[in-house]
Amino acid sequence: MRALRVPALETGRIACKCRSAIFRKTTSLTPAATPDPADPARRRLLAAGALLAQPGAAALAQAPPREGVQVGPRSSFESLVPAAQIEAEAARGYREMIAQARAARRLAPPEHVQLRRLVMISTRLRPFAGMWNPRAIAWQWEVNLINSPQVNAFCMPGGKIAFYWGILARLQLTDDEVAMVMGHEMTHALREHGRSQIGKQVATQGTIALLAGLFGWSNASRQAANVGGHLLSLKYSRDDETEADLIGLELAARAGYDPRSALSLWRKMEEASKGAPPAFLSDHPSNPDRLHTIAANIPRVQGLFERAPKPEQRFGPPLAG
């Protein structure tokens, strides 16, 4: 198979309920029943009272809601799989993929303008990753650009990011749109959607044999398809996708990228999906309400964007053709 050449460097176009306690005086001579301390409702009331008695509790109860998007709790299935093991396997799979791209002369060199563009945007988004996953503070982030016509990008657990040339060139992404893609992909890693899906598989199989084989916890042989490759082939649920859209929107806005560009990004993606859908949409299922949901959440992050320092350097998309 003839190796594709990385195009030459180019200049910039690339979420107390307080129950009122109404104490009524009674004229009855019958002693009032002593509340059962084991009663769950009483325990909750006592706990709430103790909390409100704490210094500064009134201010806490009146604290304004969090600025930014609102998403639900993380999946409980992720607790079935150790995060460190998933990250280690993801790193191994990423290294293998990068080595293959390098051997095929498809890996962009560090000085390539489009790789420098991706690195700069990731550097602006990464400081806000710890808000969504404390482990991300210690991740060894990496960014690579692979010369392939695929319209695709991903971020593996542990912060391993890759963009394919096709998503930049075919969609002619602006910096703000690249930031939306990157924020979306980073969210899949930060909210550990892949770890959760593997946890679901373990739960539904009702056995830890899968983990033993994958992670070498026993003498069971590793399965032919390693976790790193498995993570790359996962198909995200629509709930995962909505979460990635919203948190990615906030990450990019905090980094100084216009959240309104998420709308233009997904319009471009929809246009590109006519005929044969791009690889990105094959494992990132679209939702008919996606644009509406994004538009409804832009006001939640608009203030963050307006106050954020803006990038001093701007790039453009690759030359078309």
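Given a 1.4 Å probe and the protein chains as shown, Ile137 ends up with an accessible area of around 130 Å².
Simple spin-label estimate for Ala84 and Met131 gives 2.9 nm between the two label positions (7 Å along the Cα-to-Cβ direction from each Cα). Taking all protein chains together and rolling a 1.4 Å probe, Leu263 ends up with roughly 30 Å² accessible. These residues, Glu89, Glu96, go from largest to smallest accessible area, 1.4 Å probe, as Glu96, Glu89. I'd like the FRET efficiency for His292 and Gln150, computed as 1/(1 + (r/R0)^6) with the beta carbon distance as r and R0 of 41 Å, rounded to 0.05. For R0 = 41 Å, the calculated efficiency reads 0.90. Note on Arg307 and Arg267: with the Förster distance fixed at 30 Å, the Cβ-Cβ geometry gives a FRET efficiency of about 0.65. Heavy-atom accessible area of Trp165 with all protein chains present, probe 1.4 Å, nearest 10 Å²? Its accessible surface works out to 40 Å², give or take rounding.
The values are calculated or read from the model by the stated rules, or taken from the named source; none is laboratory data. What you are looking at is a predicted structure, and each value in this text was computed from that prediction instead of being measured. Backbone-built Cβ (ideal geometry, glycine too); neighbour counts: all protein chains shown. Calculation scope for accessible area: heavy atoms of the full protein, side chains included, ligands and nucleic acids excluded. Shrake-Rupley method; radii C 1.70, N 1.55, O 1.52, S 1.80 Å.
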